[in-house]
Amino acid sequence: MSKVVADISVSLDGFIAGPNDGPGNPLGDRGERLHEWAYPLESWRGMHGLDGGATGPDSEVMEETVLRAGAYVMGRRMFDLGEEPWGDTPPFHAPVFVVTHEEREPLVKPGGTTFTFVTGGIEEAVGRARRAAGEKDVVLAGGGQVIRGVLVAGLLDEIQLHLVPVLLGGGVRLFEAADGVTEAVEFETTRVIDSPTVTHLRLRPARA
């Protein structure tokens with residue numbers, strides 16, 4: 001059955017981007033450190049049209065996420081910061097639904113990625129992504145506000161955290177009470193895969 005899953009790298013102190021994130025610095029100061037584990041991998045390089053790369057458990061985890069994704073959901077801020085770095089052929093190769101307040105025509109890119117801008121809120125974006133994904137999963141690509149919104153709405157089936165052994169000391173947190181995460185939320189750990197550079201934690205919200 002299709003699931004709604006979040007997949008994101010996070011520091012030990014809970015940040016998904018460093019301080020001073022913005023145009024020209026989309027991951028913030030030292031934020032690139034959160035993704036260094038992925039850059040050498042065969043699966044990451046393949047997503048970006050590159051040959052070669054390292055194999056092993058980390059690459060298999062990333063490939064698994066790519067293969068299960070039938071559609072993506074992201075926030076407008078993530079789209080704005082990522083559009084230029086992703087280039088003419090974004091790495092998604094699937095429909096992407098962008099949660100925004102601004103009406104805009106769909107943006108079709110080479111390689112199978114179409115960005116559709118959804119103004120009806122997170123639940124509408126997830127619903128449209130589910131229909132587009134078919135039997136595959138809807139992957140929440142970020143940022144944190146979208147992931148928190150889906151969690152609060154009770155639509156999140158699973159979250160995979162790539163826990164990077166670094167303290168950023170500030171930046172953009174994954175979970176913020178300001179976005180409605182105001183009560184204790186319990187998770188069940190369903191899988192742990194570790195390597196010298198990152199620990200992959202798969203969790204699901206514990207529902208009564």
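The values are calculated or read from the model by the stated rules, or taken from the named source; none is laboratory data. Model, not experiment: these values are computed from the prediction. As a convention, Cβ positions derive from the backbone with ideal geometry for all residues, glycine included, and neighbour counts pool all protein chains shown. Calculation scope for accessible area: heavy atoms of the full protein, side chains included, ligands and nucleic acids excluded. Shrake-Rupley method; radii C 1.70, N 1.55, O 1.52, S 1.80 Å.
Only one of (1) under 25 Å from Glu64 (Cβ atoms); (2) modelled with pLDDT under 95; (3) not in a helix (DSSP H, G or I) fails for Asp88. Which number is that?
(1)
For every residue, the table says whether it meets (1) out of contact with any strand residue (DSSP E or B) (no Cβ under 8 Å at 6 or more places or on another chain); (2) assigned to a strand (DSSP E or B); (3) among the β-branched types (Val, Ile, Thr); (4) modelled with pLDDT of 90 or more.
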{"position": "Ala141", "(1), (2), (3), (4)": "no, yes, no, yes"}
{"position": "Ile159", "(1), (2), (3), (4)": "no, yes, yes, yes"}
{"position": "His162", "(1), (2), (3), (4)": "no, yes, no, yes"}
{"position": "Glu188", "(1), (2), (3), (4)": "no, yes, no, yes"}
{"position": "Pro196", "(1), (2), (3), (4)": "yes, no, no, yes"}
{"position": "Arg204", "(1), (2), (3), (4)": "no, yes, no, yes"}
{"position": "Ala208", "(1), (2), (3), (4)": "yes, no, no, no"}
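Could you check how many residues of the range 1-32 are surrounded by fewer than 18 Cβ atoms within 10 Å (Cβ to Cβ), among the charged types (D, E, K, R) and not in a loop (DSSP other than H, G, I, E, B)?
1
Looking at Arg104, Arg131, which one is open to solvent by 40 Å² or more (accessible area, probe 1.4 Å), closer than 16 Å to Gly70 by Cβ and either modelled with pLDDT of 95 or more or of a type outside the set (S, T, N, Q) (or both)?
Arg131
Polar (S, T, N, Q) and part of a strand (DSSP E or B), is that true of Thr116?
Spelling it out, Thr116 is indeed polar (S, T, N, Q) and part of a strand (DSSP E or B).
From the list Gly120, Gly87, exactly one residue is within 28 Å of Ala153 (Cα to Cα), free of Cβ contacts under 8 Å to residues at least 12 places away in the same chain and of a type outside the set (D, E, K, R). Which is it?
Gly120
Considering the range 143-157 alone, what residues qualify as being part of a helix (DSSP H, G or I) and out of contact with any strand residue (DSSP E or B) (no Cβ under 9 Å at 6 or more places or on another chain)?
Residues satisfying the conditions are Arg148, Val152.
Is it the case that some residue within the range 169-180 is closer than 29 Å to Thr100 by Cβ, open to solvent by 70 Å² or more (accessible area, probe 1.4 Å) and of a type in the set (Lys, Arg)?
yes
Hey, can you tell me all the residues within the range 33-50 that are over 15 Å from the mean Cα position of the chain (by Cα), surrounded by fewer than 19 Cβ atoms within 10 Å (Cβ to Cβ) and under 20 Å from Val10 (Cβ atoms)?
Arg33, Glu36, Tyr39, Pro40
Among the residues of the range 51-81, which ones are of a type in the set (Gly, Ala, Ser), open to solvent by 10 Å² or more (accessible area, probe 1.4 Å) and not in a strand (DSSP E or B)?
Matches in the range 51-81: Gly52, Gly53, Gly56.
Considering only the range 21-65, state which residues are without any contact (Cβ under 8 Å) to a residue 24 or more places away in the chain and β-branched (Val, Ile, Thr).
Matches in the range 21-65: Thr55 only.
Can you find a residue that is surrounded by fewer than 12 Cβ atoms within 10 Å (Cβ to Cβ), small (Gly, Ala, Ser) and at positive phi anywhere in the range 181-193?
Taking every residue of the range 181-193 in turn, none turns out to be surrounded by fewer than 12 Cβ atoms within 10 Å (Cβ to Cβ), small (Gly, Ala, Ser) and at positive phi.
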